[in-house]
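The values are calculated or read from the model by the stated rules, or taken from the named source; none is laboratory data. Just so it is clear, the structure is predicted and the values come from calculations on it, not from any experiment. A quick note on method: Cβ atoms are made from the backbone with ideal geometry, for glycine too, and the neighbour counts reach across all protein chains shown.
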Amino acid sequence: MNSAKLDRHTLFLINIFSSDLFSNKRVKYLMQKISAEKDVIIIGAGASGLMCSITAGKRGRSVLILEHNEKPGKKIRASGGGRSNFTNINIQAENYISNNRNFCKSALSRFTPHDFMRMLDTHDIRYYEKENGQMFCEKSSFEILKMLQDECVKAGIDNLFKCRISKINQEEGLFDVSTSAGDFKSGSLVIATGGISYPALGATDIGYRIAKQFGIRVVPTKPCLVPLVFSGENRKVFSDLSGVSINATVSCKKISFTGNILFTHNGLSGPAILQIASYWNKGDDILINLLPDIDAYELFISKRDSKTEMKNLLAEYLPKRFASEWSEIYIHSKPLYQYNDKEFRSIADKLHNWIVTPEATEGYDKAEVTSGGIDTDELSSKTMESKKVKGLYFIGEVVDVTGQLGGYNLQWAWSSGYAAGQYV
């Protein structure tokens, strides 16, 4: 390895792993090693930014990543409970929410889940399918982050962490980016800053502010893949059920998901709730089928001569605490032989169509992703470049493309980052 490559490698590792990274002495050292003018500047060292930098670097482009966190890929580390649900092999455009559902097709078709898995194979990273096409690392998400870091080193990518952006201008075809670590220029500028979910991981709205500075439309945002909060009355009633989970089908506006729902102190969470929350708006009802695999009416008819109380029968199919609480609120529990056919039908309907009207979501603090963002009508679906501002690109979660739960959002990050990386 030549000395220039060794310097880059050392520089990259210093950036990521050194605890005293931003001492004045070290900042001066970094500034001496990084050229003030690059082909590409990428703001954001998350999944999409890292993939874009690798792709561009392999094309021989000089790349600088600017990241305000002290380390790259915080969401990658946290994803999948630390094992990174890095993609979904059943991916299709219908798994995404956007004002233009077709926008994501081009990028997803040019860098597929199998393309990413081939990267993992090259680095001897083992993975497995958990369910419904969801792919996870066998060990930990750190393996994927290390793979991306190694690829950045090979591609000669420079980077600065704990680097704050203060101003961006464009003059004579070059972007001038002023930061806490100095001023940098580039012909291409990529915004890979993510959404505003999980501010504890460093999320900010800088990507939207940059778009607005350049006159690029931003679709209103909202928290997605987020727990829902009960109204005050229901919160009092069901808060004691915190920790109880039920397999159910949850529906809103003709969209349904089946999976676990989990009672919390404030409302409902669990995979099925997180999914439906992306489609829910304040004032919407949510229908919950508490017995998706059983015809409740037929069950009651088969037991109509039984002396078993209704709440005890329901406790055979639902958690006991929930069956008791729900029965007390919605039905008058008594032995089954005392019900008539009309009552059986009414109870069955309530079980299959339990109506819940949430008060709110738990907001961006608890949301896994942010929907809305850079209007896709403003971007080329092939290159991710702004149609108004030559050389300005937007990728990943900052764009109005939001995936469902199950690896779809990370795949969008890989695919959109790769698409832009081919053209910057």
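The set of residues from region 109-139 being buried (at least 16 other Cβ atoms within 10 Å of the Cβ) and at positive phi comprises just one member, Gly133. Of the set (1) free of Cβ contacts under 8 Å to residues at least 60 places away in the same chain; (2) under 15 Å from Trp354 (Cα atoms); (3) in contact with a strand residue (DSSP E or B) (Cβ under 7 Å, 6 or more places away or on another chain); (4) not aromatic (Phe, Trp, Tyr), all apply to Leu287 but (1).
Residues of region 143-163 that are crowded, with 16+ Cβ neighbours inside 10 Å, assigned to a helix (DSSP H, G or I) and in contact with a Gly (Cβ under 9 Å, 6 or more places away or on another chain): Ile144, Leu145, Leu148, Gln149, Glu151, Cys152.
Within the group Lys75, Lys71, which residue is under 15 Å from the mean Cα position of the chain (by Cα) and either outside any strand (DSSP E or B) or not assigned by TED's automatic domain parsing to the domain that holds Ser197 (or both)? If you could, list the steps in order and put the result at the bottom.
Values: Lys71 fails: under 15 Å from the mean Cα position of the chain (by Cα).
Unique residue meeting the criteria: Lys75.
Residues that are among the aliphatic types (A, V, I, L, M) and under 27 Å from Gly202 (Cβ atoms): does region 351-361 have at least one? Step through it out loud before you land on a result.
Just the residues of region 351-361 that are among the aliphatic types (A, V, I, L, M), to begin with: 351, 355-356, 360.
Subset that is under 27 Å from Gly202 (Cβ atoms): 360.
Taking every residue of region 351-361 in turn, at least one turns out to be among the aliphatic types (A, V, I, L, M) and under 27 Å from Gly202 (Cβ atoms).
With respect to the stated conditions, Ala4 fails to be crowded, with 24+ Cβ neighbours inside 10 Å and either in contact with a helix residue (DSSP H, G or I) (Cβ under 8 Å, 6 or more places away or on another chain) or modelled with pLDDT under 50 (or both).
Only residues that are part of a strand (DSSP E or B) and at pLDDT below 95 were counted in region 87-116, giving 0. Restricting attention to region 303-339, the residues that are in contact (Cβ under 8 Å) with a residue 40 or more places away in the chain, among the charged types (D, E, K, R) and within 21 Å of Asn353 (Cα to Cα) total 2. Outside the structural domain of Met119 (by TED's automatic domain parsing), within 24 Å of Ala272 (Cα to Cα) and in a helix (DSSP H, G or I), is that true of Ala413? For Ala413, the condition - outside the structural domain of Met119 (by TED's automatic domain parsing), within 24 Å of Ala272 (Cα to Cα) and in a helix (DSSP H, G or I) - is not met. A single member of Leu174, Leu189 is over 30 Å from Lys366 (Cβ atoms), buried (at least 17 other Cβ atoms within 10 Å of the Cβ) and either modelled with pLDDT of 95 or more or under 26 Å from the mean Cα position of the chain (by Cα) (or both), and it is Leu189.
Looking only at region 117-142, count how many residues are of a type in the set (A, V, I, L, M, F, W, C) and in a strand (DSSP E or B). Count: 3.
Scanning region 30-52 for residues being buried (at least 20 other Cβ atoms within 10 Å of the Cβ), in contact with a helix residue (DSSP H, G or I) (Cβ under 6 Å, 6 or more places away or on another chain) and part of a helix (DSSP H, G or I) gives a total of 5. The residues on offer are Tyr279, Tyr297, and the sole one that is farther than 30 Å from Asn169 by Cα, among the aromatic types (Phe, Trp, Tyr) and within 22 Å of the chain's Cα centre (by Cα) is Tyr279. Number of residues in region 293-311 that are surrounded by 17 or more Cβ atoms within 10 Å (Cβ to Cβ) and out of contact with any helix residue (DSSP H, G or I) (no Cβ under 7 Å at 6 or more places or on another chain) equals 1.
Residue pairs whose Cβ atoms lie under 8 Å apart, separated by 6 or more positions or on different chains, with the first residue in region 57-86 and farther than 26 Å from Val177 by Cβ and without any contact (Cβ under 8 Å) to a residue 60 or more places away in the chain and the second in a loop (DSSP other than H, G, I, E, B) and not charged (D, E, K, R), are Gly82/Ser140; Gly82/Ser141; Arg83/Ser140; Arg83/Ser141. If we keep just the residues of region 352-406 that are small (Gly, Ala, Ser) and not in a strand (DSSP E or B), which is surrounded by the fewest Cβ atoms within 10 Å (Cβ to Cβ)? So the residue we want is Gly363.
Candidates Tyr279, Tyr297: the one that is more than 23 Å from Asn99 (Cβ to Cβ), touching a Lys or Arg at 6+ places or on another chain (Cβ under 7 Å) and either part of a loop (DSSP other than H, G, I, E, B) or not assigned by TED's automatic domain parsing to the domain that holds Ile43 (or both) is Tyr297.
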